Amino acid sequence: MKRTISPLQTLLGIIFLLASFDKLQHPEAFAQIVQNYQILPDVLVNGAALVLPMLEFLCGLALTFNIMPRGAAFTVTLLMTIFLSALAFNYVRGLDVACGCFTTDPSAQADTLWSLARDSLIWLLSFTVFIKLVLKQRKSR
């Protein structure tokens, strides 16, 4: 069976690779961003700040190089669901925090509505890639 990669899958992989780089280089700054969300207990903040960027990086690689792409697409769809939920939860609470999606720069301007819109599009992309991969697998059986 020929293993082709769709442009959408490649795009999604690149997005997650790009999203992981700054967080991997500056885990302390990303931990502060996670803390600013005021959702996780303090004891989980550092672990989340270390694990999330690694997961983004690994899923980005998997999608870009077509290694276990269904699992990677499912994982990024789940991650995007969690990220969107956290952003929406803080928006409803009136907290406008810098999302930390692509930068850990403490001077980055917080714009929750923009982050919600962008992340909704990324969620739609990840869900679309996941569904296409599942349908492709079923068709090849």
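Can you find a residue that is aromatic (F, W, Y), under 20 Å from L133 (Cα atoms) and at pLDDT 95 or above anywhere in the range 67-75? Checked the range 67-75: at least one residue is aromatic (F, W, Y), under 20 Å from L133 (Cα atoms) and at pLDDT 95 or above. Being within 14 Å of the chain's Cα centre (by Cα), at pLDDT below 95 and either over 28 Å from L113 (Cβ atoms) or hydrophobic (A, V, I, L, M, F, W, C) (or both) is a property that C101 has. Is it the case, given these coordinates, that A98 is surrounded by 18 or more Cβ atoms within 10 Å (Cβ to Cβ) and in contact (Cβ under 8 Å) with a residue 12 or more places away in the chain? When the stated conditions are applied, A98 passes them. Search the range 117-141 for residues being aliphatic (A, V, I, L, M) and buried (at least 17 other Cβ atoms within 10 Å of the Cβ), and hand back the single one that is farthest from D22 (Cα to Cα). So, considering only residues that are aliphatic (A, V, I, L, M) and buried (at least 17 other Cβ atoms within 10 Å of the Cβ), the one farthest from D22 (Cα to Cα) is L133.
Is there a residue in the range 110-122 that is in contact (Cβ under 8 Å) with a residue 60 or more places away in the chain and touching a helix residue (DSSP H, G or I) at 6+ places or on another chain (Cβ under 6 Å)? For the range 110-122, residues in contact (Cβ under 8 Å) with a residue 60 or more places away in the chain and touching a helix residue (DSSP H, G or I) at 6+ places or on another chain (Cβ under 6 Å): present. Taken over the range 21-65, residues that are of a type in the set (F, W, Y) and part of a helix (DSSP H, G or I) amount to 3. A73 falls short on exactly one of the conditions (1) part of a helix (DSSP H, G or I); (2) more than 14 Å from the chain's Cα centre (by Cα), and that condition is (2). The set of residues from the range 1-20 being free of Cβ contacts under 8 Å to residues at least 24 places away in the same chain and part of a helix (DSSP H, G or I) comprises just one member, P7.
Among the residues of the range 83-95, just one is surrounded by 13 or more Cβ atoms within 10 Å (Cβ to Cβ) and assigned to a loop (DSSP other than H, G, I, E, B), namely L95.
Is it the case that L78 is part of a loop (DSSP other than H, G, I, E, B), closer than 20 Å to T112 by Cα and either touching a Lys or Arg at 6+ places or on another chain (Cβ under 6 Å) or not hydroxyl-bearing (S, T, Y) (or both)? The answer is no for L78.
The values are calculated or read from the model by the stated rules, or taken from the named source; none is laboratory data. Only a predicted model underlies this, so the values are computations on that prediction, with no experimental measurement involved. Note: ideal-geometry Cβ built from the backbone for every residue, glycine included; neighbour counts use all protein chains shown.
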